Amino acid sequence: MPGTHGIGTDRERVAERLLAASHAHAFDPITDIDWDAPLVDGAFFLPAHRVSLYGTPIWERMSERQRIDLSRHEVASMASVGIWFEVVLMQLLIRHVYDRPLTSRHVQYAFMEIAEECRHSTMFGRLIEKLDCPEYGPGPYAHAAARAMKTFGSGVQAFAMALIAEEVLDTMQREMTADESLQPITRQTARIHVIEEARHVRYARDEVARGAPHMSGAERAITRLALARAAHIIATRLVHPGVYAAVGLDPAAAQRAARANPYRLDTLGHWSRRLIAFYDEHGLLGGPGQRLWRASGLMGRRI
Ligand SMILES: [Fe+2]
Ligand SMILES: [Fe+2]
């Protein structure tokens, strides 16, 4: 029997369904992943065509071993950005429930999502350790920029922002899950994340769809700009320049080559296609933020 807060409302029904799905398909990454299995020699960690330098003259000069190593470091870099983003999201969710009926299904699902994100962040931490990589992180600027967001962000803006990382990582990880040539460890972590994130995406999309039509003109303009800024920060921090140095490349030259790489634009465009279609549908694109969207690479070659 659901609680007594807005029972029968659409919001409660969505939360009830998501809670049931969480109970039916829950994972404990510590026991559900074989962390002791050795890495497979000669297997990529990320599909080769999704590595940032794929197709560039630098890539052509790299040995197969170096390319595989770069894919290992790029997965670790994205996992560390994933932890950072999940920490931000956990705080946003805790703040979201603070002013709401604490016995509602809507709040109980937020608790469930926080619990899942706690386990994901632990999983990504173990993955970075297993890959024998440093904790790259998003860098000091993004670290500082997110502090204000996680402290004050709320409503449509907060949930729409959550979707940036969730939708982009989800599209990337679906491909990784399906690619049998990849390292089993990255496929296993991707699979758990894809299954659980599908629920988070639904929860966040629902909040955005419910709130977006009621935003004032000023609120919409501010939200559009904030989302563009967040998308730019996230997209340009997925691959830390330290990954290039780790495989013996000049980090500045490699980063420049990656940013100008048409294959990279295709990859970012592919990863963000669903996100951008959703934003467009809810009037969250446009205005002065478009410049940031283009610079982020997430528009792909649509520039
Ligand atoms: Fe997650
Ligand atoms: Fe999530």
task = Report W84's accessible area, 1.4 Å probe, all protein chains in place, as a number in Å² to the nearest 10.
result = 40
remark   = With the 8 Å Cα cutoff and a minimum separation of six or more residues, region 1-114 has a relative contact order in percent of 45
note = Full extension between R291 and A148 adds, at 0.36 nm per residue less the Cα distance, a length in nm of 49.2 nm
key: Cβ-derived FRET efficiency at R0 41 Å, H270 paired with A24, nearest 0.05   = 0.85
ask   = What order do you get for 72-83, 42-53 when each peptide is scored by the mean count of other beta carbon atoms within 10 Å, highest first?
value = 72-83, 42-53
task = With the full set of protein chains in place, find how many percent of the accessible area of the chain is carbon and sulfur; take the probe as 1.4 Å.
result = 57
key: Ordering of 158-168, 18-28, 117-127, 230-240 by packing [mean C-beta count within 10 Å, highest first]   = 158-168, 230-240, 117-127, 18-28
query = Stretch T9-E135 to full length: gain in nm at 0.36 nm per residue minus the Cα-Cα span?
reply = 41.1 nm
ask   = DSSP H helices in the chain with Cα extent of 15 Å or more along the helix axis and mean Kyte-Doolittle hydropathy at least -0.5?
value = 64-98, 105-130, 140-152, 155-178, 217-237
message = Modelling each spin label as a point 7 Å along the Cα-to-Cβ direction, I'd like the A221/W35 distance in nm, to one decimal.
response = 5.1
note = Among T267, T171, T151, the residue with the largest mean-square fluctuation in a Gaussian network model of the chain built from Cα contacts under 10 Å is T151
ask   = Which distance in nm do the two modelled labels at R61 and A115 give, with both placed 7 Å along the Cα-to-Cβ direction?
value = 5.3
note = Expressed as a whole-number percentage, the relative contact order of the chain with C-alpha contacts under 8 angstrom and at least six residues apart is 26
inquiry  = Could you tell me the center-to-center distance, by alpha carbons, between region 227-302 and region 110-133 in angstrom?
reply    = 24
ask   = Using a 1.4 Å probe, what is the accessible area per residue for the chain, in Å²?
value = 44
message = Assuming 0.36 nm per residue, please report the length gained on full extension of the stretch E281 to R202 beyond their Cα-Cα distance.
response = 26.9 nm
query = Just how far, in whole angstrom, is region 163-194 from region 42-57 if you go by their alpha carbon centroids?
reply = 15
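The values are calculated or read from the model by the stated rules, or taken from the named source; none is laboratory data. Computed from a predicted model, the values in this text were never measured in an experiment. Positions of Cβ are generated from backbone atoms using ideal geometry, with glycine treated the same way; all protein chains shown enter the neighbour counts. The protein model used for the area step is the full one, side chains on, heavy atoms only, and it has no ligands, DNA or RNA in it. Shrake-Rupley method; radii C 1.70, N 1.55, O 1.52, S 1.80 Å.
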